[in-house]
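A.B. asks: Input: one structure, supplied below.
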């Protein structure tokens, strides 16, 4: 029985020495005469508040991070993935589905068609799969040179020009004015 007790005390002393060796000088002074269990309990209290604050700040950054129009989707998704991994390390993990929706919500308007299609198909995807899909979509957007946006704008402009050239716009306005 004495051997077991002395072995436990020796193990505890070794653990305490190892812990002290890995601490900063200020923490070493604070815990110099404490046993391992006491050090762990006191450090848990001190650092638990810091961990909560870091979780909050990381979650806030993750939710608030938005991709600027024209920037690269790969860098954006990798940054978002880093936030997810940091939150997991801090004990705040959520599934890929929520992370995916936050990432989709952070994309600029040029990805609206992709987001709508992704949500409509409602398939479970990992963040890595989403990354690959977004990268392909970005390549397609760059190849097309945003021609879809320009075609829509040109279509609206040409419709207005057609209406003005045919006089239909003037005729409607003239009829309204005569009725008054």
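The values are calculated or read from the model by the stated rules, or taken from the named source; none is laboratory data. Fair warning: this is a prediction, and the values are worked out from it, not measured in the lab. Heads up, the Cβs are rebuilt from the backbone with ideal geometry, glycines too, and the neighbour counts pull from every protein chain shown.
Matching residues to (1) modelled with pLDDT of 85 or more; (2) surrounded by 11 or more Cβ atoms within 10 Å (Cβ to Cβ); (3) at negative phi; (4) not assigned by TED's automatic domain parsing to the domain that holds residue 131:
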| site | (1), (2), (3), (4) |
| --- | --- |
| 19 | no, yes, yes, yes |
| 34 | no, yes, yes, yes |
| 43 | no, yes, yes, yes |
| 49 | no, no, yes, yes |
| 79 | yes, yes, yes, no |
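A.B. asks: Where in the stretch 68-147 are there helices (runs of 4 or more DSSP H), lying wholly inside it, with at least 3 residues that are farther than 30 Å from residue 50 by Cα?
C.D. replies: Hits in the stretch 68-147: 112-121, 127-144.
A.B. asks: Filter the stretch 40-69 for residues that are over 30 Å from residue 28 (Cβ atoms) and in contact (Cβ under 8 Å) with a residue 12 or more places away in the chain and give the result.
C.D. replies: Of everything in the stretch 40-69, those that are over 30 Å from residue 28 (Cβ atoms) and in contact (Cβ under 8 Å) with a residue 12 or more places away in the chain turn out to be 59, 61, 62, 63, 65, 66, 67, 68, 69.
A.B. asks: May I ask you to verify whether residue 47 is under 30 Å from residue 139 (Cβ atoms), assigned to a helix (DSSP H, G or I) and within 32 Å of the chain's Cα centre (by Cα)?
C.D. replies: Considered against the rule, which asks whether it is under 30 Å from residue 139 (Cβ atoms), assigned to a helix (DSSP H, G or I) and within 32 Å of the chain's Cα centre (by Cα), residue 47 comes out as no.
A.B. asks: Answer yes if at least one residue in the stretch 113-124 is at pLDDT 90 or above and within 15 Å of residue 62 (Cβ to Cβ), and no otherwise.
C.D. replies: Within the stretch 113-124, not a single residue is at pLDDT 90 or above and within 15 Å of residue 62 (Cβ to Cβ).
A.B. asks: Follow-up. When residue 62 is evaluated against the numbered criteria (1) over 19 Å from the mean Cα position of the chain (by Cα); (2) modelled with pLDDT of 95 or more, which criterion, by number, is the only one it fails?
C.D. replies: (1)
A.B. asks: Could you list, in sequence order, all residues of the stretch 13-26 that are under 22 Å from residue 90 (Cα atoms) and in contact with a helix residue (DSSP H, G or I) (Cβ under 9 Å, 6 or more places away or on another chain)?
C.D. replies: 19, 23
A.B. asks: If you don't mind, there's one more thing I want to ask. If a residue has to be at pLDDT 90 or above and surrounded by 17 or more Cβ atoms within 10 Å (Cβ to Cβ) to count, how many in the stretch 134-145 make the cut?
C.D. replies: 1
A.B. asks: Same structure, new question: Looking only at the stretch 14-39, count every residue that is assigned to a loop (DSSP other than H, G, I, E, B) and in contact (Cβ under 8 Å) with a residue 12 or more places away in the chain and tell me the total.
C.D. replies: 3
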